[in-house]
Amino acid sequence: MDRAQLSDFLRTRREALQPEDVGLPRGPRRRTQGLRREEVATLCGMSTDYYARIEQQRGPLPSESMLAAVARGLHLSLDERDHLFRIAGHNTPGRALRGDHVNPGIMRILDRLADTPAQVVNRTGETLVQTRPAVALVGNETKFTGLDRSLVYRWFAAPLARRIYPKADHPMQGRTFTSELRAAYSRQGADSRAGEIVAALLQRSEEFAEIWAGHEISVRRPEDLKRMVHPDLGLLELHCQVLFDADQEQALLVYTATPGTESHDKLQLLSLLGDRQPHH
């Protein structure tokens, strides 16, 4: 661990970010060049004291999970993330196509959607980051580990994950998830995260195996609406806008509702509700 290099690198990256870059107000009395330490700590999901100790060349060796959080919070590129890991004394993470590192451009857009249900997912259905309204809508999907990180896997292996959709929509949703996983499998190959999920589901779920055998490609819902069920708000009819990064490895999902509808009114109430518990 090169404490001096780590300190300098974090400070220069922090000073290079402006409040507007991460969806924060500048305020009339800001004198700090770039972001304040407490702002970066909040973006990284850690205490201000912990982050300050790293930047001041104090404290213990940051774990890989902490470094990954710092990389996301500071909107580092993949090359910058790898440099961060090296100077902190860790091996660089593998650049698997599942893309655990959120694209900085996608992250900048997400930062401006703090009052909107939005989340970033990768090709295998793993949620990488969510806004608070998204957590209120679907639960905290970033807390899962192992194969359960993939919503596609949970859909077939843990039926409680289906409660977010009306039962009548389950067959179409299962076909849609399977076709999306097939696209990832085709792109990444059998020796990949997608291949691992497919192999596990073929062993575990007869339903998945039957749908997989159909070789359906690009299954689309017949209408432009996604119906979702919330335990407190009931049924919501939402539009799901999708923005892909340049490599088509990550997608930003933004949930909206037509103004003047009951679903639009319900979305406004999400910020007043507590975080929804994820379905296992």
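Output the 0 to 90 degree angle, nearest 10, between the alpha-carbon long axis of helix 64-73 and the longest principal axis computed from the alpha carbons of the chain.
90 degrees
Would you mind calculating the relative contact order of region 104-272 from Cα pairs under 8 angstrom and at least 6 residues apart, reporting the percent as a whole number?
On the way: 245 pairs, mean separation 40.8, N = 169.
It rounds to 24 percent for region 104-272.
By its C-alpha gyration tensor, with a ≥ b ≥ c as the square roots of the eigenvalues, how is region 3-87 shaped: rounded for a/c under 1.5, else prolate for a/b larger than b/c, else oblate? Please report the intermediate quantities before stating the final value.
Numbers: a/c = 1.77, a/b = 1.51, b/c = 1.17.
It comes out prolate by the Cα gyration axes.
How much mean residue ellipticity at 222 nm does the chain get from its helices, if each DSSP H run of length 4 or more adds -39500 (n - 2.57) and you divide by all residues, to the nearest 500 deg cm²/dmol?
Details: 12 runs with 119 residues, N = 280.
Mean residue ellipticity at 222 nm (helix-derived): -12500 deg cm²/dmol.
Ranked highest first by average number of other Cβ atoms within 10 Å, how do 39-45, 70-76 line up? Display every interim value, and only then the final one.
Working: 39-45: 19.4, 70-76: 23.1.
Listed from highest to lowest mean packing, they are 70-76, 39-45.
Take every Cα-Cα pair in region 1-44 and report what % of them are more than 16 Å apart.
Numbers: 352 of 946 pairs.
So the pairs more than 16 Å apart make up 37 percent of the total in region 1-44.
Compute the distance from the alpha-carbon center of region 153-227 to that of region 1-34, in whole Å.
41 Å
Given a Förster distance of 41 angstrom, what is the FRET efficiency for C240 paired with Q56, based on the Cβ-Cβ distance and rounded to 0.05? Present the calculation step by step, with values, prior to reporting the outcome.
Values: r = 43 Å, r/R0 = 1.06.
It comes out at approximately 0.40.
Pop the C-beta distance of R29 and R163 into the FRET formula with R0 = 45 Å and round what comes out to the nearest 0.05. Working shown, then result.
Values: r = 48 Å, r/R0 = 1.06.
Efficiency, from the Cβ-Cβ distance: 0.40.
Compute the length gained on full extension between T48 and S186: take 0.36 nm times their separation in residues and subtract their Cα-Cα distance, giving the result in nm to one decimal. Can you show the working numbers first?
Details: separation 138, 0.36 × 138 = 49.68 nm, distance 4.32 nm.
The T48-S186 span can extend by a further 45.4 nm.
Go ahead and run the numbers for FRET between D8 and H264, Cβ-Cβ distance against an R0 of 41 Å, rounding to 0.05. Let's see the in-between values first.
Details: r = 48 Å, r/R0 = 1.17.
Efficiency, from the Cβ-Cβ distance: 0.30.
Which of M172, M66, M107 has the fewest other C-beta atoms within 10 Å, and how do the rest follow up to the most?
Values: M172 14, M66 18, M107 25.
The order, fewest Cβ neighbours first, is M172, M66, M107.
Based on the alpha-carbon gyration tensor of the chain, what equivalent-ellipsoid semi-axes (square roots of 5 times the eigenvalues) come out, in whole Å, largest first? Intermediate results must be reported in sequence, preceding the final value.
Details: eigenvalues 244, 118, 46 Å².
Value: 35, 24, 15 Å, ordered largest first.
Using alpha carbons only, how many degrees (0 to 90, rounded to 10) separate the axis of helix 78-87 from the longest principal axis of the chain?
50 degrees
Can you tell me the Rg and the Dmax, both Å, for the Cα atoms in region 55-192?
Reported Rg and Dmax, both Å: 17.0, 57.
Determine the relative contact order of region 92-178: mean sequence separation of Cα pairs under 8 Å and six or more apart, normalised by residue count, in whole percent. All intermediate terms of the calculation are to be shown ahead of the outcome.
Details: 84 pairs, mean separation 16.1, N = 87.
Relative contact order for region 92-178 comes out at 18 percent.
Taken together, the values in this text are just the output of simple stated rules run on the coordinates, not laboratory data. The model shown is predicted, which means the values in this text are computed figures rather than measured ones. Glycine gets a Cβ as well: all are built from the backbone with ideal geometry, and neighbour counts include every protein chain shown.
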